[in-house]
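Worksheet: one structure, shown below.
All of the numbers you see were taken from the coordinates with simple rules; none came from a lab. Computed from a predicted model, the values in this text were never measured in an experiment. With ideal geometry, Cβ positions are generated from the backbone for all residues, glycine too; neighbour counts draw on all protein chains shown.
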Amino acid sequence: MTSRVFVAGASIAIAAIFVGGCRLPSSALDGPLAVPLRIEATADAVQVDAPGWFAPETVIYLCSTEPPELPEPGPDRDGWTPGVSCHDYGKVAAPDGLKVSLPVDALTDAERPAFEAATDWYLLIVKVEGTRATAAIRSSFSAPIRPAS
C-alpha cells in the first residue's frame with residue numbers, strides 16, 4: 001500500500017518539476033498524471049506545449065478565475081464544462097502530444113473585462129471521450145502584459 005501512495009506522489013512531483021512558465025495549484029491534476037507543460041503568454045496569444053499529453057480529443061479552456069475541478073468519475077462528467085469564467089477554444093486532437101496557440105483576440109467582448117482585470121489566468125486542458133470529461137490538467141500563469149490603451 002505504501003508503494004502505491006509513493007508512486008502517485010512521485011508522479012505528481014515529477015509533473016511539478018517539468019512545468020515551466022506556470023504555477024500548479026495543489027489540486028492541479030485529476031489523478032497522478034506526469035505531463036510536462038509549458039505555457040508562454042503574450043499580449044497576442046497563449047502558447048501551450050504539453051508533449052506528454054496524448055488524447056484523441058482534448059478541449060482547451062482559458063479562464064479568468066480558477067476553474068472547478070472535474071467531478072468524481074460518473075454521470076456528472078457527461079457534458080461537463082468549467083463555467084462562464086472560461087473561454088472554450090474547442091476540441092483539438094493531441095495523439096502525439098499537445099502543441100497549440102490560443103489567440104487572445106478570440107475572447108469575446110463580454111469575456112474581455114474579466115480577463116483584463118485578472119492578475120493570473122488559468123489554462124484548463126480536458127481529455128474527452130465523446131461528451132464525457134475523463135481527465136484534466138489545470139494550471140495558473142501570470143496574465144500577459146497588455147499594451148496600454
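Quick look at the numbers
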item: Phi to ³J(HN,Hα) by Karplus 6.51 cos²θ - 1.76 cosθ + 1.60 over the stretch 112-122, Hz, x for Gly, Pro; result: 3, x, 5, 5, 5, 7, 7, 7, 10, 10, 10
item: Relative exposure of R77, R138, R146, R38, judged by other C-beta atoms within 10 Å (fewest first); result: R146, R38, R77, R138
item: Using a Förster distance of 30 Å, the FRET efficiency for R112-R38 (Cβ separation, nearest 0.05); result: 0.75
